[in-house]
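To keep things clear, I will list the structure first and then write my remarks on it.
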Amino acid sequence: MSNREKYDQAFIETFEITKDQLAGLKYQDITAWDSVGHMSLIAALEDAFDIMMDTDDIIDLSSYEKGMELLAKPEYNVEF
């Protein structure tokens, strides 16, 4: 499974959405992406990529696209 597929799967499973809902998805756009859902997403991403995200990055992860940008940082080294 590619990194992009792992990333997409974390969103799809955490929020129970379809792949076509991912593009442009932002925090609180859907009911499932509330503060509790956000932490579930972070846990899923950390498990999928075997990383531990910094608090600032957890707070900054405000959209599907922003998450990819954050995970591409050198400290996580996730290539999409």
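Values quoted throughout were computed directly from the atomic coordinates according to the rules given, and no laboratory measurement underlies them. The structure presented is a predicted model; accordingly, all values stated were derived computationally and were not measured. Please note: Cβ atoms are built from the backbone with ideal geometry, for glycine as well, and neighbour counts cover all protein chains shown.
The residues in the stretch 41-80 that are in a loop (DSSP other than H, G, I, E, B) and closer than 24 Å to K19 by Cβ can be counted, and the count is 10.
The residue of the stretch 19-31 that is surrounded by the fewest Cβ atoms within 10 Å (Cβ to Cβ), among those that are more than 13 Å from the chain's Cα centre (by Cα), part of a loop (DSSP other than H, G, I, E, B) and not charged (D, E, K, R), is T31.
Filtered by the rule that a residue be more than 13 Å from F15 (Cβ to Cβ) and crowded, with 17+ Cβ neighbours inside 10 Å, the stretch 33-48 gives a lone residue, A48. Here E79, E46 are screened, and the one residue that is in contact (Cβ under 8 Å) with a residue 60 or more places away in the chain and either out of contact with any strand residue (DSSP E or B) (no Cβ under 6 Å at 6 or more places or on another chain) or aliphatic (A, V, I, L, M) (or both) is E79.
Within the stretch 8-18, is even one residue surrounded by 12 or more Cβ atoms within 10 Å (Cβ to Cβ), out of contact with any helix residue (DSSP H, G or I) (no Cβ under 9 Å at 6 or more places or on another chain) and touching a residue at least 12 places away in the same chain (Cβ under 8 Å)? Checked against the condition, which is being surrounded by 12 or more Cβ atoms within 10 Å (Cβ to Cβ), out of contact with any helix residue (DSSP H, G or I) (no Cβ under 9 Å at 6 or more places or on another chain) and touching a residue at least 12 places away in the same chain (Cβ under 8 Å), the stretch 8-18 yields no hits at all.
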